[in-house]
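Reading through the structure tokens given below for one structure.
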Amino acid sequence: MKYLALIIILFSINLSQKTDKLNGRYNYLIEEDNSYIQKDKITFNDSVFKFDNKYLPKGKISYGNVILLDNFINTDLIISISKDQITKDTILFNMHDKQSSSANYLDEVVGKGKLIRIK
């Protein structure tokens, strides 16, 4: 009986744990001169994203304390998203350059932008 209760508890804990992942289609806007300019549309599917522009490469999404979009437009640009932004329809993000002179390129922000969910 103890084992049955333990199995039920473990099973219910496993079902209640939900990993938030980026899914869906978004407009991608970049901040320039204190205004946002729409650049393209992006489709997210678990750990991969792709632009509507077929000439831009697919990228990878890394989920951790901060969500990182690697291979964003070019191989040197990486996007960081705060984990609390995932559930929102408008997601704010920071851009970082891997070729940055700082010791940790995630410490230096080279640009900002928004992802706006397309419903």
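Across the accessible surface of the chain, with the other protein chains kept in place and a 1.4 Å probe, carbon and sulfur atoms take up 52 percent.
Summary value for the chain: 21 percent relative contact order, contacts being C-alpha pairs under 8 angstrom separated by 6+ residues.
Approximating the spin labels as points 7 Å out from Cα along Cα→Cβ, the TYR3-to-LYS112 distance works out to 5.7 nm. Residue separation of LYS58 and THR43 scaled by 0.36 nm, minus their Cα-Cα distance, works out to 4.4 nm of gained length. Entry comment: accessible area of the chain is 68 Å² per residue, from protein heavy atoms only and a probe of 1.4 Å. Principal semi-axes of the equivalent ellipsoid, √(5λ) from the alpha carbon gyration tensor of the chain, are 33, 17, 13 Å from largest down. Dipole magnitude for the chain: about 680 debye, using +1 per Lys or Arg Cβ and -1 per Asp or Glu Cβ, origin at the Cα centre. Where only DSSP H runs of four or more residues are counted, the chain gives -4000 deg cm²/dmol as its mean residue ellipticity at 222 nm, each run worth -39500 (n - 2.57). Full extension of the chain between SER35 and LYS119 yields a length gain of 27.9 nm, computed as 0.36 nm times the residue separation minus the alpha carbon distance. Of the residues ILE86, ILE118, ASN104, the one whose Cα sits farthest towards the positive end of the charge dipole of the stretch 72-119 is ILE118 (charges of +1 on Lys and Arg Cβ, -1 on Asp and Glu Cβ, taken about the Cα centre). For the residue pairs LYS21/LYS60; LYS21/LYS54; LYS58/LYS83; LYS54/LYS98; LYS21/LYS98, the C-alpha atoms sit more than 20 angstrom apart in LYS21/LYS54; LYS58/LYS83; LYS54/LYS98; LYS21/LYS98.
The values are calculated or read from the model by the stated rules, or taken from the named source; none is laboratory data. Just so you know, these numbers come straight off a predicted model, no measurement behind them. Glycine gets a Cβ as well: all are built from the backbone with ideal geometry, and neighbour counts include every protein chain shown. Note: areas computed on protein heavy atoms with side chains; ligands, DNA, RNA excluded. Shrake-Rupley method; radii C 1.70, N 1.55, O 1.52, S 1.80 Å.
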